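Report on the following structure.
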Amino acid sequence: MRPQLKDYARPAIENFIRQKVEESGGNGVVIGLSGGIDSAVVAKLCADAVGPEKVLCIFMPSPTTCQQDRLDAESFSQSLGIPFKVVEVAPAVEAFRDMLPSPDRRECTGNLTARCRMIVLYHHAWLTGRVVMGTSNKSELLTGYFTKFGDGGSDFCPIGDLYKTEVRQLAREIGVPDAIIDKAPSAGLWEGQTDEGELGITYDDLDQVLFGFERSLGDAAVAAETGVPLERVQKVRAMHLRTAHKRKTPLIPKLGVRTLGIDWRE
């Protein structure tokens, strides 16, 4: 059983964006536009919700970012009438990498790049009185496939309840170019890096497995329903469980009558 995009998804997300920008008193939104499908969908929805003049898209290449991503990001922004800015983060990443020890230079670079990009987004949001709209989808969030305080850092996450396959459906519905929809998902953090290669499973299979978890099915039942090998289902389950901390605000020991993150909800 596969997750399917709801008919009301687009208006619901646009209403969410509009409402949150208004509640925050912000002048608009800032988005990290990568040339990939998730950020393109968020940019389009934000433009439709609050107007393209209130959206700022920032492209932040690394040394391994392919030129086509830059061309796709800039062309898409122009087609929507959205202001587009390029900020090179490589000098900051190199400075941090030289300063910090790491047994895994490649993984260190990936996390540093994601966090430097987050700093850029929040700086421009502060300068312009805007909020940062995240571009993480449900598949990434449920598996912890994001950098904490990096690409996972945002004020609001409008497509966070859409699986990757649903994002693809929505992208076609709202007119995102096929060139963006059909490219292999990648954060471009190092040469040859792809999401599915790192996850060890295709998004089509992953979303079926996660949708089974969402419906409280056990691993064996998910494997039987989806045809995904049990060992792979168990691997996805393990990813989900060990990354629970990445989906939560920092835990606070309860001392008062109401405690943030426990029984004080806003």
**Fill in**
Along the dipole axis of the chain (charges at Cβ: +1 for Lys and Arg, -1 for Asp and Glu; origin at the Cα centre), the most positive-end residue among Val236, Gln68, Leu199 is Val236
**Prompt:** Among Cys157, Cys57, which comes first, second and so on when ranked by fewest other beta-carbon atoms within 10 Å?
**Reply:** Cys157, Cys57
**Message:** Taking amide H atoms as placed 1.01 Å from N in the peptide plane, list the residues 5 or more away in sequence, or in a different chain, whose amide H sits under 5 Å from that of Val29.
**Reply:** Val55, Leu56, Val131
**Prompt:** If you rank Met133, Met99 by fewest surrounding Cβ atoms within 10 Å, what's the result?
**Reply:** Met99, Met133
**Asked** Leu260's amide H: which non-local residues (gap 5+, or another chain) put their own amide H closer than 5 Å, with H modeled 1.01 Å from N in plane and none for Pro or chain starts?
**Response** none
**Asked** Given charges of +1 on the Cβ of Lys and Arg and -1 on the Cβ of Asp and Glu, with all other atoms neutral, how large is the dipole of the chain about its Cα centre, in debye to the nearest 20?
**Response** 780 debye
**Under Karplus coefficients 6.51, -1.76 and 1.60, residue-wise ³J(HN,Hα) of the stretch 257-266 in Hz, glycine/proline x** = 5, 10, 10, 4, x, 10, 9, 10, 9, 10
**Message:** Counting only other residues whose beta carbon sits under 12 Å from that of Lys6, what net charge do I get with K and R as +1, D and E as -1?
**Reply:** -3
**Request:** Sort His123, His240 so that the residue with the fewest other Cβ atoms within 10 Å of its own Cβ comes first and the one with the most comes last.
**Result:** His123, His240
**Message:** Let me check against my output: what whole-number percent is the relative contact order of the chain, with C-alpha pairs under 8 Å and at least 6 apart?
**Reply:** 20 percent
**Complete:** Volume per residue (Å³) of the convex hull spanned by the alpha carbons of the stretch 144-266 is 157 Å³
**Item:** DSSP H segments from the chain that extend 27 Å or more along their own axis, Cα-based, with Kyte-Doolittle mean of -1.0 or above
**Value:** 105-128
**Prompt:** What is the gain in length, in nm to one decimal, between Asp98 and Leu127 on full extension, counting 0.36 nm per residue of separation less the C-alpha to C-alpha distance?
**Reply:** 7.6 nm
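Shape call for the stretch 167-224 from the C-alpha gyration tensor, a ≥ b ≥ c root eigenvalues: rounded (a/c under 1.5), prolate (a/b greater than b/c) or oblate?
oblate
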**Item:** Cα pair distances exceeding 23 angstrom across the stretch 1-89, given as percent
**Value:** 29 percent
**Asked** If amide H atoms are built 1.01 Å from N in the plane of the peptide, which residues on other chains or at least 5 residues away come under 5 Å of the amide H of Val86?
**Response** Phe59
**Asked** Which is farthest toward the positive dipole end of the chain among Gly134, Ala224, Ala43, measuring Cα position about the Cα centre, with Cβ charges +1 (Lys, Arg) and -1 (Asp, Glu)?
**Response** Gly134
**Message:** Per q in 0.16 Å⁻¹, report the Debye log10 I(q)/I(0) for the stretch 9-197, using one uniform scatterer on each alpha carbon and no solvent.
**Reply:** -0.97
**Complete:** Per-residue ellipticity at 222 nm attributable to helices in the chain (runs of n ≥ 4 DSSP H, -39500 (n - 2.57) apiece, nearest 500 deg cm²/dmol) works out to -16000 deg cm²/dmol
**Fill in**
Mean-square fluctuation maximum in Gaussian network of the chain, Cα pairs under 10 Å, restricted to Glu214, Glu166, Glu14, hits Glu214
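Quick note: the coordinates plus some simple rules give every number you see, no bench work behind them. This one's a predicted model, so the numbers in the text were calculated from it and none came from an experiment. Positions of Cβ are backbone-derived with ideal geometry, glycine not excepted, and every protein chain shown enters the neighbour counts.
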